[in-house]
Amino acid sequence: MENIVLTIDDKKITCPPGTSILNAASQNKIKIPHLCYHPDLKPFGACRLCLVEDEKTGRLMASCVTPVAPDMTIRTDTARILSHRRNIVRLMIAEHPESCIVCSKGNRCQLRWVAAQMGVGETDLYSMPNYKPLEQANPFIMRDLSKCILCGKCIRADHELVAVGAIDYNMRGFDSRPATVHERGLEKSNCTFCGTCVSMCPTAALSAKNTQYVGSPEKESFSICGFCGVGCRLAMGQSANRIIDVNPAHLADTVNKATLCVRGHFAHDFLNSNDRLIAPLMPKKGEDESIQMAPVPWEEALDEIAGRLSQIKNENGPQSIAFMGSSKCSNEENYLFQKIARVLIGTNNIDNGGYVSGQFLSTFLDQKTGGGCRVTPLSDLEKADVILVLGADPNHSLPVVSYYLKRAAKQGTPLIVVDPRKTELVSFAAQWLRIKPQTDLELLNALAALLHEKNAYDSQFIDRHAEGFSIFTYGLSSLDVDKVSRVSGLTIERLNTTIEFLKGKRIAFVVGHGILQQRYGIHTMGAILNLSLMTGSLGTEGGGVYVLARENNQSGAMDMGAVPNLLPGRMPLDENGGRKTWEKNWKVKISPDPGLNMSRIIEAAESGQLKALYIMGENPLRSLPQPQRVKAAIEKLEFVVVQDILNNEAVKLADVALPGAAASEKSGSFTNMEGRIQHFSPVVPPPGKAKPDWEILDLLATRLGAAEPYGTVGKIREEICRLVPPYAQMNGTGQSWLNASSPMAAFHADGAGKMISFSPVVSTADEQSDTDYPFQAILGTLRFHLGSGTRTITSGRIRDFDLSGEVAICAADAEQLKLKDGDTIQVESRWGAIKRKLGCSNRVGPGQLFIPLAVNANDAMNLIDLSDLADPKATGWKTCAVKITKA
């Protein structure tokens, strides 16, 4: 359709049909005041401040809800319009409490801004007090609805952006207000405390509960959230060098736009925790002659580390030293960390916290697709024909991902949820496949077999982009669908119904930790790829495989080579892979010995093979299974260095502890799960004598024999851009995307390239029930915590919410065991036991338990075997067989 030409304030404007007058004006730098409008929300026309006048007809219109029309002549600032706007503001202020001086919104109050622009100070109207009680029962959000102007932004954000529906309009006229069902408190509703309503509110009707600061921040700067792998852009407010306020950045080209989750919005108060490390620590004799960790100068700590590591290397060889990098630290820091390990020490014993999240399956996916799934914008999910969610509960693990999924479902995209539990996504699903735990592989094989049987696969795509299809279909022919039905717990009818959703559709496969940490993870990922090839979904817009990354820089840490089997750029360590290239880049010989992953590092420490361990930004005593075993192994080491921001469990075992800096306190870049590279700068300086982690490593590298220091994070970044091809386009500001070109034909429009091989059909043996441990425990995340909870547990707000981490069980099982809500129970597996409160839930099936992670010192990890996730014989870290007794 042709563009429309109109005139606004004597300025000729051209814009597409359907554009609102407000947007047309805004795009041409013509300012029209408004309070109810937001670019991410559907226009509503509630406040009427955006009134404009049609010069030809004299008609007054709300510009946010009025589309442009050909030859319109619009005025935005006539005397008539200004008079109406002033009256609207006067009426709002007449109902508003006179508390601006003490209001927490301060200078950020949009009503105050607009009133100042209109020249409205004190109104000469009668005061119309509309008092509402102050609600602050939860530690996150305060509601003072006497300041509400009924713009509806909070309600629309709740319904349109985060798709929860916790609040809506209640009552009419003067009594109208946004409220929960039955006027219950937010803490008793289905509110997720994402805080989107708070950041949208133009007044202080909704505000973040802050016991340490009231009013406007001194300064506001952009940064990146350091929690999950989504990588939300933040606007962080600071005062007196402390972060005191966090909001979404409200920028159009960001992954989160106007949304956040409870962690991103409210848990950053952990940055001001008394548990922060503020100086290097080493064991010193106290006045009572006892040995205690005491502050020391940086020079002493770094000299001690360099001296001891060099001594241990000379006495025992480089393979006696290991490094745990961080999926939370920046790309630049992980690059420098692994370079110290490989170039200055001479070992490939390096891994990062992404191991806990099943990063070895990302390596498998890269190998199969040539890195073709590295760039997967979440916005493409809303373009998929069908979305298949496997082993993921993003409402809790990565809430912003769940917003994309729920919005897609509301727009009509069929959502198929595969999960043993009734997750919150199920209410948005066209189909819920309630399988038994760890039977995803059998389900995927059955779907492939039924698609083949019904001739409902994309033969053209397969011919052009895949190989081994005939062998694959031969494997499918021996599949017993009746056995799959029995093993998975799904009827044949349910399987056939699912096929009707998938036939002829481009599918987005959303893969979570239920796959990445399970026993049959690698075979299941192969089955996912098989199905994506069969349906022609791989490499298409909206289709393909979306792997959910739990940690904020999980992808970047792998890219930088902070893993034992890959060099920077995810180049294989073998000689024909990347070793020769990087030996040339660094002008040094790289050890050909395969390195140790996190599990193997602990085993090597137990056996005495390992003598020293350098941990940066990880807490293996909370994140790994069998924490007492991990602790005992680390205690056997001759020398342990811990570089962290918090005085956590690992620090207590350190010979030297170094205080690092959080993302908001340094410069660097993160790579999120989409393949989006985002840069950040310090909002506040690190506390005390803490330093950015890259600076600590740079100082240490010089002592270990590096030719010259980098001196700035920019020089490290320049080396990455020059030597790591996917990061060639990385700039020092804003954001860029991975240059992830795949050699596989499926990812090229012209179909040129290599074929992707179908994976063999692997069928699992029937699981024998264990009469000693008759229940299947599923370990999972709560939205208030991330991972092991090392950081979120130090957040005052999260702590005050008082999560007890009840073990969820279905009512029928509880009744059979003569247990009731609130009982204290003992859950025991073959590897350990925990005590928790019990809670009955309709979200878990018979014979199953759900045990939240992170709470109670993350004691749930006592139930899991510390087995190597990459070992096909491993039992996995997601489920385990347990028994229950009343404590």
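What the table shows:
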| read-out | value |
| --- | --- |
| Additional length obtainable on full extension of the chain from residue 729 to residue 240, 0.36 nm per residue less Cα span | 172.4 nm |
| Sulfur and carbon atoms: percent of accessible area, region 468-527 [1.4 Å] | 53 |
| Folded to 0 to 90 degrees: helix 359-369 orientation relative to the chain principal axis, Cα | 80 |
| Residue-normalised accessible area of the chain, expressed per residue, 1.4 Å probe, Å² | 39 |
| Surface share of carbon and sulfur [accessible, 1.4 angstrom probe, percent] for region 651-762 | 53 |
| Under 19 Å from residue 56, Cα to Cα: lysines that are on another chain or at least 8 residues apart | 11, 12 |
| Kirkwood-Stokes translational diffusion coefficient of region 174-310, alpha-carbon pairs, 25 °C, 0.890 mPa s, µm²/s | 132 |
| Space enclosed by the convex hull of the alpha-carbon atoms of region 339-451, per residue, Å³ | 156 |
| Charge-dipole axis of region 353-420 as Lys and Arg at +1 and Asp and Glu at -1 on Cβ define it, positive-most pick from 415, 396, 377 | 377 |
| Full-stretch length increase - residue 172, residue 122 - with 0.36 nm per residue and alpha-carbon distance subtracted | 15.3 nm |
| Rounded accessible area of residue 727 (nearest 10 Å², 1.4 Å probe) | 0 |
| At 1.002 mPa s and 20 °C, Stokes diffusion of the chain via Kirkwood alpha-carbon radius, µm² per second | 73 |
| Overall form of region 722-769 per C-alpha gyration tensor (a/c, 1.5; a/b vs b/c) | oblate |
| Listed residue (111, 542, 670) projecting farthest to the positive dipole end of the chain, Cβ model | 111 |
| Where labels lie 7 Å past Cα in the beta-carbon direction, separation of residue 26 and residue 812 in nm | 5.2 |
| Apportionment of accessible area to carbon and sulfur, region 280-404, percent (1.4 Å) | 50 |
| Angle in degrees between helix 492-502 and the longest Cα principal axis of the chain, rounded to the nearest 10 | 60 |
| Cα-Cα P(r), region 363-522, percent of pairs per 5 Å interval | 2, 8, 16, 21, 22, 19, 10, 3, 0 |
| Charge dipole magnitude, Cβ of K and R +1, D and E -1 - region 681-837, Cα centre, debye nearest 20 | 680 |
| Dipole magnitude (debye, nearest 20) for the chain, charges at Cβ of Lys, Arg, Asp, Glu | 1420 |
| Amide proton proximity set for residue 244, modelled H, under 5 Å, gap of 5+ | 237, 238, 239 |
| Label-point separation in nm, residue 632 to residue 588, each point 7 Å along Cα→Cβ | 3.6 |
| Translational D in µm²/s for region 627-784 (Stokes-Einstein at 4 °C, 1.567 mPa s, Kirkwood Rh from C-alpha pairs) | 62 |
| Among beta bridges that DSSP assigns inside the chain, antiparallel share in %, nearest 5 | 60 |
| Positive-end residue, region 435-504 charge dipole about Cα centroid, Cβ charges, pick of 437, 504, 475 | 437 |
| All lysines inside 21 Å of residue 454 as judged from Cα atoms, apart from same-chain residues fewer than 8 positions distant | 483, 503, 505 |
| Inter-probe distance in nm under a simple model that places probes 7 Å from Cα toward Cβ, at residue 303 and residue 768 | 6.3 |
| Cα-based reach from residue 132 at 26 Å (exclusive), listing lysines while leaving out same-chain residues under 8 positions away | 105, 147, 153, 188, 209 |
| C-alpha center-to-center spacing [region 105-173, region 290-317] in angstrom | 57 |
| Extension gain (nm, one decimal) between residue 607 and residue 136, 0.36 nm per residue minus Cα-Cα | 164.2 nm |
| Pairwise Lys count, region 592-683 - Cα closer than 22 Å, eight or more residues apart or different chains | 5 |
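The values are calculated or read from the model by the stated rules, or taken from the named source; none is laboratory data. Bear in mind the structure is a predicted one, so any value in this text is a computation, not a measurement. We place every Cβ from the backbone using ideal geometry, glycine too, and count neighbours over all the protein chains shown. To get the accessible areas, we keep the full protein, side chains included, count just its heavy atoms, and leave off ligands, DNA and RNA. Shrake-Rupley method; radii C 1.70, N 1.55, O 1.52, S 1.80 Å.
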